[in-house]
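**Q** Handing you a structure now.
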Amino acid sequence: MNNLVLYCKSYRKDFLRLRRLLLSIEKYNVDKIPFYISTPEAQYDELAKILEGVGSYQWISDESIISANSRVHAGIEKTRTGGQAQQTIKSEFWRLGLCENYVCLDSDCQFIKSFSESDFIATDGNPYTVIYQNKEYFQLAINRGRGRVLSELSLEGNRVKALFGRLGPNYYCPCPPFIWSSKVWASLDREYLVPRALTLWDINTPDHPEALLYLEALLNFHAIPLYPIEQLFRIYYYDWHYFLLRRNGERINKLSANYLGVIYQSSWNKSLDLGPSGKSFPSRVLKWIKRFFHYLESFI
């Protein structure tokens, strides 16, 4: 069993982003940390074609991850939205027994500098945990008249915290890469889910995102020591966020002083979507107009 692997759960629409991620791993992965990719089994052939000759990875099927939990019936992912199924599948990767810890990446992640196991694992073999209160981003959102971001994330934090009866401040790790310990996921299963005859598929909902469930399980069940670190990648949550930070002089070559990588979230950056857009022409025009307005807004 590996102490650490990299892992990305992907699907067809994101395969071009995944290709970019794999290229960056191939370039910057100093310790040659194994990289696992999972997709629906039916999408493997297209994945292999797009990633041919790009770099080294090991493929596993989403279905094999789902079936690793005997309390879950086959095909359960088809009863959830794509986003919710993706969250739960990547949170259940630990059940395959391939590693003690894994760096969970999304397809829109991209490394921009050399990285090694010591960026993710402390000297005693336990992983660091990305955990913080997110005040910088919250303040920026308030400054730009987007306080709704704060209220939505605060409600998420309060709901997940309430599941475990914890009082105190909300903590966040809203975007990958996540450094996840199999011991923490196992403790959530053993201490919370099994006694209630539940599975992660039951509680990982839009109200209870997987990243917060992991943090609360760690804070409540103490399966590993808590070694807190800040976000490893610069994340551009929205186009207005990207435009504003660019206006402030931010560039890739400057990011490497503090970050291992960058994320242009696919929810707003559609440039690497595989296949035609499912949106109507008027919808695409409206989106372009809104983005142009957000660009102009960055000058204010």
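The values are calculated or read from the model by the stated rules, or taken from the named source; none is laboratory data. Small disclaimer: the values here were computed from a predicted structure and weren't measured. Quick reminder, even Gly has a Cβ in these numbers, built from the backbone with ideal geometry, and neighbours come from all protein chains shown.
**Q** Inside the stretch 166-212, can you point out the residues that are on the phi > 0 side of the Ramachandran plot and modelled with pLDDT of 95 or more?
**A** Scanning the stretch 166-212 gives a single hit, A197.
**Q** Looking only at the stretch 233-245, decide whether some residue is part of a helix (DSSP H, G or I), touching a residue at least 12 places away in the same chain (Cβ under 8 Å), among the acidic types (D, E) and closer than 30 Å to S118 by Cα. So that I can check it myself, show each step before the final result.
**A** Going residue by residue through the stretch 233-245, those that are part of a helix (DSSP H, G or I) are 239-245.
Narrowing further to those that are touching a residue at least 12 places away in the same chain (Cβ under 8 Å): 239-244.
Cutting the leftovers down to among the acidic types (D, E) gives us 239.
From what is left, the residues that are closer than 30 Å to S118 by Cα are none.
No - not one qualifying residue is present in the stretch 233-245.
**Q** Another one. Which residue is surrounded by the fewest Cβ atoms within 10 Å (Cβ to Cβ), if the candidates are limited to the stretch 1-45 and must be hydroxyl-bearing (S, T, Y) and touching a residue at least 40 places away in the same chain (Cβ under 8 Å)?
**A** Here is the first cut: in the stretch 1-45, the residues hydroxyl-bearing (S, T, Y) are 7, 10-11, 24, 28, 36, 38-39, 44.
Then keep just the ones that are touching a residue at least 40 places away in the same chain (Cβ under 8 Å); that gives 7, 10-11, 24, 28, 36, 38.
Numbers: Y7: 26, S10: 24, Y11: 18, S24: 20, Y28: 16, Y36: 19, S38: 26.
Per the stated criteria, the residue is Y28.
**Q** Do we have any residue at all in the stretch 112-125 that's crowded, with 20+ Cβ neighbours inside 10 Å, hydrophobic (A, V, I, L, M, F, W, C) and under 24 Å from A197 (Cα atoms)?
**A** no
**Q** Among the residues of the stretch 146-203 satisfying the criterion of being basic (K, R) and closer than 24 Å to W240 by Cα, which is surrounded by the most Cβ atoms within 10 Å (Cβ to Cβ)? Break it down into steps so the answer makes sense when it comes.
**A** To start, the set of residues in the stretch 146-203 that are basic (K, R) comprises 146, 148, 159, 161, 166, 183, 190, 196.
Still in the list and also closer than 24 Å to W240 by Cα: 146, 148.
Details: R146: 15, R148: 9.
The residue in question is R146.
**Q** Oh, and also: Would you check if there is a residue in the stretch 159-179 being within 30 Å of N3 (Cβ to Cβ), outside any helix (DSSP H, G or I), free of Cβ contacts under 8 Å to residues at least 60 places away in the same chain and of a type in the set (S, T, Y)?
**A** There is at least one residue in the stretch 159-179 that is within 30 Å of N3 (Cβ to Cβ), outside any helix (DSSP H, G or I), free of Cβ contacts under 8 Å to residues at least 60 places away in the same chain and of a type in the set (S, T, Y).
**Q** Considering (1) part of a helix (DSSP H, G or I); (2) free of Cβ contacts under 8 Å to residues at least 40 places away in the same chain; (3) not hydroxyl-bearing (S, T, Y), say which one K90 fails and leave the rest.
**A** Tallying (1) part of a helix (DSSP H, G or I); (2) free of Cβ contacts under 8 Å to residues at least 40 places away in the same chain; (3) not hydroxyl-bearing (S, T, Y), K90 fails exactly one: (2).
**Q** Looking at this structure, is I224 β-branched (V, I, T) and closer than 19 Å to Y128 by Cα? Before the answer, list the steps.
**A** Details: β-branched (V, I, T): yes; closer than 19 Å to Y128 by Cα: yes.
Yes: the conditions hold for I224.
**Q** Then there is this: Please work out which one of (1) of a type outside the set (G, A, S); (2) modelled with pLDDT under 85; (3) touching a Lys or Arg at 6+ places or on another chain (Cβ under 7 Å) is the condition N220 fails and give its number.
**A** (2)
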